[in-house]
1. What are the residues in the stretch 342-362 that are assigned to a loop (DSSP other than H, G, I, E, B) and in contact (Cβ under 8 Å) with a residue 40 or more places away in the chain, if any?
2. Which one of these does residue 337 not meet: (1) in contact with a helix residue (DSSP H, G or I) (Cβ under 6 Å, 6 or more places away or on another chain); (2) surrounded by fewer than 17 Cβ atoms within 10 Å (Cβ to Cβ); (3) closer than 29 Å to residue 397 by Cβ?
3. Considering only residues of the stretch 368-383 that are touching a strand residue (DSSP E or B) at 6+ places or on another chain (Cβ under 6 Å) and buried (at least 19 other Cβ atoms within 10 Å of the Cβ), which is modelled with the highest pLDDT?
4. Suppose the filter is under 17 Å from residue 295 (Cα atoms), more than 28 Å from the chain's Cα centre (by Cα) and surrounded by 15 or more Cβ atoms within 10 Å (Cβ to Cβ); does residue 324 pass it?
5. If we scan the stretch 184-192, do we find a residue that is surrounded by fewer than 17 Cβ atoms within 10 Å (Cβ to Cβ), farther than 30 Å from residue 372 by Cα and in contact with a strand residue (DSSP E or B) (Cβ under 9 Å, 6 or more places away or on another chain)?
6. Provide a single number: the residues in the stretch 150-170 that are closer than 14 Å to residue 308 by Cα and either exposed (fewer than 14 other Cβ atoms within 10 Å of the Cβ) or in contact (Cβ under 8 Å) with a residue 40 or more places away in the chain (or both).
7. Filter the stretch 286-331 down to the residues that are free of Cβ contacts under 8 Å to residues at least 40 places away in the same chain and in a strand (DSSP E or B) and list them by number.
8. Is there a residue in the stretch 202-219 that is assigned to a loop (DSSP other than H, G, I, E, B) and under 23 Å from residue 257 (Cα atoms)?
């Protein structure tokens, strides 16, 4: 009898353990037809184990014989985005207005979403890693139509539309050879850093988005104004520019279209729930055209994944990684190892030793002026300032790549091409080379050279002094002379200084 009792208890315990091994399903309180996030599956699993009492230890053999819960991943990236929605809705006529605007332009929606396929997986991955709402992955649709080369009239750049100063604040480097505001990885990191910071400040995603568009100071002042007036403090309550007023409704409209494209006369291209690109390290400077060739992709596709590169060469010291389509990364490595075509880069960097005209710089480096201007985007009627970093053709004898300091900080500084005219003045009683150089914003060495004297020389009162000044400054000097040949007023001198400063800017 005892043996029979023990056997019955053992069977009951065994059956109890088996009760927790079934495949997990959505909880009963999930909305009908809506996807259940992974967290809900995990919560169901915890409740199932607790309810069943299946906390008894089991052997490895028993574990291997039992069924394992299978969590099906989202069918495509759009479904993954829908599962991660976490922002509150906004009851506003403006949302409906934007829904109608987008739904009346299905071709525009299709072009934007097609363009996004290269970048969207990475953005969603980063949002999930930070536990942020996945609606934010749709923000580049609003900012730039997912065009990393987009530039606004206010000089905001990239698919996340960073202003130059804000970009620098979030460590997006901008130099003569690259602009990280356009870089896929760097700009996404900076944008999510900024959005997280704004959410921490305001405790609300709609206010955080308003601050992303309008500026955190502007939103803070609008909130303070409403507080003083005893008014509401939500996004809908604040007084703000029309652009910002429409900003969140645009994002929510895109959210609803992605949630149910058929209801809005739209179609979304299939985007697989897998990485589009892979990072590849580069050790040497390499031409963009050659990198694309070795990867067996078009230059256009290469630039779409590496939009921060603004010149025909990638400087490895400043850009040690490139992005390539997932299936082409190994192709690039294999072709690079087998490459027998000699040097990888046909360009290098030359630092202008003095301020000079583009024609003179081109002569120094053995290029035509047209080619130098084209590759460095030098407009007409300017001079190149001393210390500027210029991309120039690389000689066959040069084996050294561009160094880190130049590749990371190189800048091209330009100034108006000013025509200097010979001007003769009469020195005052206490005038010297130094005082005239300071007054007319020229170098003491130049004044000394023009007058064949030492840099420490003092002029006699009434002595003629030769200066080479911009045309505008020379005209002012001549027009303000009095009968004794001296500049009549201190005001005239200030105007000459101003004209010279503008000319040398």
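The values are calculated or read from the model by the stated rules, or taken from the named source; none is laboratory data. What you see is a predicted model; the values in this text were computed from it and never measured. Neighbour counts run over all protein chains shown; Cβ positions are idealised from the backbone, glycine included.
1. Passing the criteria: 343, 344, 345, 346, 355, 357.
2. Residue 337 satisfies every listed condition except (1).
3. 376
4. no
5. yes
6. 2
7. The answer is 314, and nothing else.
8. Yes, because at least one residue in the stretch 202-219 is assigned to a loop (DSSP other than H, G, I, E, B) and under 23 Å from residue 257 (Cα atoms).
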